[in-house]
Amino acid sequence: MLKKYYLYILPILVTSAAFILLKSNKKSSIASENKFQIENTSSINKIFIADRNGTEITLNKKNESWMVNNQFTVREDAIKTLLETANKIRIKKPVSKSAFSNVVKFIATTGVYIEFFQDEKLIKSYTIGSNTPDHLGTYMLLNGSKKPFVIHIPSF
């Protein structure tokens with residue numbers, strides 16, 4: 001008698017599981033257009049950095065050296081660290097709904113804006129906020145995006 005019920009229950013379970021899997025929301029807020037990293041940092045020849053206090057710095061690559069505001073030479077280790085960071089950063093997770101408004105306000109008031117150029121063409125720009133409470137990531141907002149993300153360097 002029990003065997004007869006298995007013939008009816010099994011197809012219903014399989015159909016239900018398939019329906020649930022097909023109807024689940026597969027959209028992620030971490031899409032390919034939300035990439036913060038720059039794949040080829042060797043092609044970058046200009047970097048613009050500005051804070052909310054009005055301080056602006058332009059780093060230009062002249063031959064093989066970098067100049068700050070066309071006046072001072074940049075330390076090689078400093079520019080290397082900046083470019084390596086731009087290459088290695090990855091999205092750790094989206095900002096939670098509960099922290100969203102506070103993070104956006106903080107980025108808007110205290111964030112540092114940075115632009116990367118290749119031959120006067122803008123490659124990537126974003127605003128860098130503060131550290132996360134656990135100090136394992138940084139809040140960042142990609143230019144053109146509506147959602148900030150927690151960014152980190154994997155294995156760092």
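The values are calculated or read from the model by the stated rules, or taken from the named source; none is laboratory data. Small disclaimer: the values here were computed from a predicted structure and weren't measured. We place every Cβ from the backbone using ideal geometry, glycine too, and count neighbours over all the protein chains shown. SASA here: full protein model, heavy atoms, side chains in, ligands and nucleic acids out. Shrake-Rupley method; radii C 1.70, N 1.55, O 1.52, S 1.80 Å.
Summed over region 39-77, residues that are closer than 16 Å to Val112 by Cβ and either open to solvent by less than 40 Å² (accessible area, probe 1.4 Å) or in contact with a strand residue (DSSP E or B) (Cβ under 6 Å, 6 or more places away or on another chain) (or both) total 10. Of all residues in region 123-150, none satisfies the criterion of being among the small types (Gly, Ala, Ser), touching a Pro at 6+ places or on another chain (Cβ under 9 Å) and not in a strand (DSSP E or B).
I'd like to verify a number: residues in region 82-122 that are part of a strand (DSSP E or B), farther than 18 Å from Pro154 by Cα, open to solvent by less than 50 Å² (accessible area, probe 1.4 Å) and not aromatic (Phe, Trp, Tyr), how many? Here the count works out to 2. Whenever a residue of region 82-99 is closer than 13 Å to Met140 by Cα, its partners that are at pLDDT 85 or above and of a type in the set (Lys, Arg), lying with C-beta atoms within less than 8 angstrom and at least six residues away or across chains, give the pairs Ala86/Lys124; Pro94/Lys147; Val95/Lys147.
Residues that are touching a helix residue (DSSP H, G or I) at 6+ places or on another chain (Cβ under 9 Å) and at positive phi were ranked within region 108-149; the one that is modelled with the lowest pLDDT is Gly144.
The residues of region 123-138 that are hydrophobic (A, V, I, L, M, F, W, C) and either exposed (fewer than 13 other Cβ atoms within 10 Å of the Cβ) or more than 13 Å from the chain's Cα centre (by Cα) (or both), listed by number, are Ile123, Leu136. For region 17-38, the candidate set comprises residues that are at pLDDT 60 or above and surrounded by 10 or more Cβ atoms within 10 Å (Cβ to Cβ); within that set, the residue that is nearest to Lys97 (Cα to Cα) is Asn34. Taken as a whole, the structure places Phe100 among residues that are more than 23 Å from Ser42 (Cβ to Cβ) and within 17 Å of the chain's Cα centre (by Cα).
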